[in-house]
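Structure first, then comments.
The values are calculated or read from the model by the stated rules, or taken from the named source; none is laboratory data. Because the structure is predicted, anything quoted here is derived from the model rather than measured. Neighbour counts run over all protein chains shown; Cβ positions are idealised from the backbone, glycine included. Quick note on the areas: whole protein, heavy atoms, side chains included, nothing else; ligands and nucleic acids left out. Shrake-Rupley method; radii C 1.70, N 1.55, O 1.52, S 1.80 Å.
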Amino acid sequence: MAPKGKAGTKGKKQIFEENRETLRFYLRIILGASAVYAVVNLVIFYSAASAWTWVAFVFSSVVYGTSYRSMNSMAKPSFTDDGSLADGGIDLNMEQGMAEHLKDVILLTAIVQVLSCFSLYVWYFWLLAPGRALYLLWVNILGPWFTADSSPAGQEPNEKKQRRQERRQMKRF
């Protein structure tokens, strides 16, 4: 059952601590998935590793690096001159925030990277990320922009009708 009333707000210190734990968690995921991929594909099956194996490893490293670095910069706290916490940074655990999408990209990359130890064709699942980005672009920006009614001539008759109705109401009273 959902709690009733307004959702509680988090303090600066709580946001700071949760951001630190979130960054640690995703760093462990990144290091774990990369270690599994490197050990299996680049150490154990080194003789079978192709250029595509290395390209996939470099690609995942770039995705991890940019996503983690973006999250880290979003969660960067600021301190006062005396060392006390002035701002805890942006809440990385906030729903519908940019950090949520970055965390999804990290998790998708980690899952695909570990599963690609069995077959490099698993990397095609990574196409879900740009597909989701295009979907969000359409739903939130392009769709409403294309379907918006932007005819100023269509508003004038409404204003005239409104004025007429106001005059009629004034005559009645």
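Numbers at a glance
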item: Some residue of region 50-60 being out of contact with any Cys (no Cβ under 6 Å at 6 or more places or on another chain), of a type in the set (A, V, I, L, M, F, W, C), surrounded by fewer than 11 Cβ atoms within 10 Å (Cβ to Cβ) and more than 30 Å from TYR121 (Cα to Cα); result: no
item: Count - residues of region 123-133 that are under 13 Å from the mean Cα position of the chain (by Cα) and open to solvent by 60 Å² or more (accessible area, probe 1.4 Å); result: 1
item: Selection within region 73-87 - assigned to a loop (DSSP other than H, G, I, E, B) and either closer than 30 Å to VAL55 by Cα or open to solvent by less than 80 Å² (accessible area, probe 1.4 Å) (or both); result: ALA75, PRO77, THR80, GLY83, SER84
item: Output for region 47-101, where each listed residue is charged (D, E, K, R) and either touching a residue at least 40 places away in the same chain (Cβ under 8 Å) or touching a helix residue (DSSP H, G or I) at 6+ places or on another chain (Cβ under 8 Å) (or both); result: ASP87, ASP91
item: Every residue from region 88-122 that is open to solvent by 40 Å² or more (accessible area, probe 1.4 Å), outside any loop (DSSP other than H, G, I, E, B) and more than 29 Å from GLU18 (Cβ to Cβ); result: LEU115, LEU120, TYR121
item: Only listed residue being within 23 Å of ALA133 (Cα to Cα) and not β-branched (Val, Ile, Thr), chosen from SER78, SER34, SER50, SER60; result: SER60
item: Odd one out for ILE141 among (1) assigned to a helix (DSSP H, G or I); (2) touching a helix residue (DSSP H, G or I) at 6+ places or on another chain (Cβ under 6 Å); result: (2)
